[in-house]
Each structure stands twice: as C-alpha cells, then as structure tokens.
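The values are calculated or read from the model by the stated rules, or taken from the named source; none is laboratory data. This is a predicted model, so every value here is computed, not measured. Here the Cβ positions follow ideal geometry from the backbone for every residue, glycine too, while neighbour counts run over all protein chains shown. Surface areas here come from the heavy atoms of the whole protein model, side chains and all, with no ligands, DNA or RNA. Shrake-Rupley method; radii C 1.70, N 1.55, O 1.52, S 1.80 Å.
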Amino acid sequence: MHASVLETILNIGLIAGAGKLPKHIITAAKESGCELSVIGIKNFANKSEYPEAQFYHASEFGKILKILKNNNVTDVCFAGVIKRPDFSSFKPDLKGIMHLKGLINASKRGDDSLMRYIMNLFEKEGFGIVSPQVLCKDLLLPEGSLNSTPISDAHKLDIDKGISIAQIIGSYDIGQSVVVCNGLVLALEAQEGTDLMLERVSKLPREIRGDIQNPKGVLVKVVKPSQDTRIDLPTIGPETIKRASEAGLSGVAGISGKTLILERTNVIKLADQLGLFVVGINSREK
C-alpha cells in the first residue's frame with residue numbers, strides 16, 4: 001500500500017461476502033499495519049474462514065454501524081459476493097427500516113445504483129470508502145497476455161466486439177460480461193452472474209459454439225461505464241477459467257487495471273493446462 005494511502009487510512013472495516021477476495025484484503029491490511037475489523041455477512045461469508053469476524057445479516061445496518069463506530073473504523077471496504085436481497089423477506093433492524101424504501105428504489109434501477117446507495121449510507125455516517133484494488137494493487141489484471149496460450153486475430157476481433165457490447169449493456173446497469181464466438185454474441189450477463197451465464201453457453205447448439213476439443217469464442221469482462229469502481233470490479237479466478245473451458249471457450253479477456261485476478265498463479269497454471277488464454281486489454285485503445 002502506498003504511503004499516502006496509509007496516512008489517511010488508519011482503521012479499516014471489511015464488509016465480507018462470499019469468495020476469496022476478503023481474504024486478500026485481510027492479508028493486505030495486516031501487512032500494511034492498518035487496524036482491521038471484519039464484518040461477515042450471514043449466508044454469504046463462511047464463518048469457518050473468518051474466526052475473527054462478527055457476523056450479521058445484510059439487513060442489520062444499525063448493528064453493523066455500531067460495531068464499526070465502536071471499533072473506531074475510519075474507512076470501509078466491501079469485498080466478496082453479496083447477492084441482491086429478496087426485499088419481501090428482508091428483516092431490517094431499526095436503522096435498516098429507515099433506509100428500506102431507498103434501498104428498494106435504488107435496486108429497481110440496477111445493481112450499480114443499489115451499491116452507490118449503500119456506499120452513500122456509509123459515507124453519510126462518516127466513513128470513507130476504500131476499494132479492494134487500493135489495498136491489493138497486485139490483484140489488478142496487467143496489460144497483455146497473462147499466460148502462454150496464444151491469441152489469434154479471430155480472438156482479437158471477438159474481444160473487440162465483446163468490449164463494445166459489454167459497454168452497451170453496462171451503460172444500462174445490466175451486467176459486466178459477454179461471450180462472443182466468431183463475431184456472434186452467444187450470451188449477455190444479467191442477474192444470474194458469470195458462472196450461470198457460462199453454463200447457458202455450454203448448452204447452446206454445437207454449431208454456434210466451441211467445445212473442449214475445439215474451443216472457440218471469448219468471455220469478455222468489462223467494468224460498467226458509469227460504475228463506481230470502489231466496489232464490484234469484474235473478477236477472474238480459477239473457477240472462471242474452469243467454467244469458460246467447460247463452455248468451450250478459447251479464452252478470457254478483461255480491461256487491464258480495472259479487472260481483479262484472484263489466485264493469479266492458479267489462474268495461469270489452469271489456463272495453460274486447459275489451453276485458454278487470459279489477457280488484459282488497454283481500454284484507452286478501444
């Protein structure tokens with residue numbers, strides 16, 4: 001972490017969801033010397049993985065705020081997957097009830113609107129928002145090929161089209177991922193997420209997609225044009241590579257500096273084993 005960041009971030013409150021990203025934040029915060037309070041979100045973060053955490057439902061906004069303030073937290077970091085709640089079964093505490101209508105209205109506009117609303121709530125309570133990539137800059141996807149699998153001209157054309165399409169759906173706050181094969185758009189990510197989108201691709205007719213023996217097409221992950229990048233950057237991990245291979249794809253592409261790579265060594269090893277490329281694209285060239 002940069003010294004200038006250390007001067008302003010003294011005590012971090014980590015709001016942890018599912019996945020590996022929160023673990024990286026914990027390691028980075030400890031290495032930087034920052035104090036850390038971990039709030040695990042029930043039904044998402046695994047209690048066995050965070051013995052130091054206190055766990056609350058996402059609806060218990062007042063209780064979460066109280067813990068953060070009691071621990072003198074200065075900045076909050078959101079990391080890990082927390083799926084959109086079912087507001088019909090939402091059971092907020094008193095503080096949560098005050099913001100329930102605003103949360104519902106924001107959710108109707110899309111995930112980015114909902115996340116902006118939530119971050120704004122924390123900011124109004126006096127907390128700064130620190131992004132995972134500030135704490136773990138080494139997780140950002142670099143420009144160029146990440147592994148040794150070659151990229152053909154046809155792949156590059158699919159990547160270019162995928163980026164253009166992803167920017168369009170992202171501008172409507174729909175999703176971050178697109179699958180393109182030989183110029184044909186096979187799938188757009190919506191509320192189901194990348195994994196289930198790739199599962200859909202694997203069930204498409206063989207004549208329009210590749211398979212493990214004859215891979216074709218590319219998964220492209222792009223941050224939404226108006227997205228607040230302090231939260232929910234597109235992420236690539238070993239599971240992404242595995243599912244992309246099962247969907248018959250040739251590779252995975254993301255925007256360099258705006259995509260997170262989790263378990264980089266395992267991603268590279270698995271991609272080489274399965275014959276997929278992983279590449280970071282410079283968005284300034286698009």
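Just a few scattered comments:
- The calculated Kirkwood hydrodynamic radius for the chain is 19.8 Å, given to one decimal from all distinct C-alpha pairs.
- Cα pair distances exceeding 22 angstrom across segment 8-141, given as percent: 34
- For the residue pairs K137/K224; K137/K203; K66/K137; K23/K95; K161/K242, alpha carbon separations beyond 26 Å are given by K137/K203; K66/K137; K23/K95.
- Cα long-axis angle, helix 21-32 against the chain (0 to 90 degrees, to the nearest 10): 60
- Cα-based Rg / Dmax (Å) for segment 173-228: 11.9, 39
- Each Lys and Arg Cβ is given +1 and each Asp and Glu Cβ -1; about its Cα centre, the chain then shows a dipole of about 520 debye.
- Over the chain, Cα pairs under 8 Å with separation of 6+ residues give a relative contact order of 17 percent.
- Of all the options F78, F87, F55, the one that moves most in a Gaussian network model of the chain with Cα springs shorter than 10 angstrom is F87.
- Spin-label pair Y172-D153: with each label point 7 Å from Cα along the Cα-Cβ axis, the two points sit 3.3 nm from one another.
- DSSP bridge orientation in the chain - percent antiparallel, rounded to nearest 5: 30
- Helix 111-124 axis, angle to the chain major axis (alpha carbon atoms, nearest 10°): 30
- Dipole of the chain, positive end: most advanced residue of L103, T265, I12 [Cβ charges, Cα centre]: L103
- Size of electric dipole in segment 103-174: Cβ of Lys, Arg +1 and of Asp, Glu -1, about Cα centre, debye, nearest 20: 220
- Across the options L68, S283, S37, the greatest Cα extent toward the positive end of the charge dipole of the chain (unit charges at beta carbon of Lys, Arg, Asp, Glu) belongs to L68.
- Per-residue extension of 0.36 nm, minus the Cα-Cα distance of E192 and L94, leaves a gain of 32.2 nm for this segment.
- Largest to smallest accessible area among T149, T265 [probe 1.4 Å]: T265, T149
- Exposure ranking of I118, I168, I64 by accessible area [1.4 Å probe, largest first]: I168, I118, I64
- Residue among D160, D112, D93 with the largest mean-square fluctuation in a Gaussian network model of the chain, springs linking Cα atoms under 10 Å: D93
- For the chain, modelled as a GNM whose springs connect Cα atoms under 10 angstrom apart, the maximal fluctuation among G102, G210, G162 occurs at G102.
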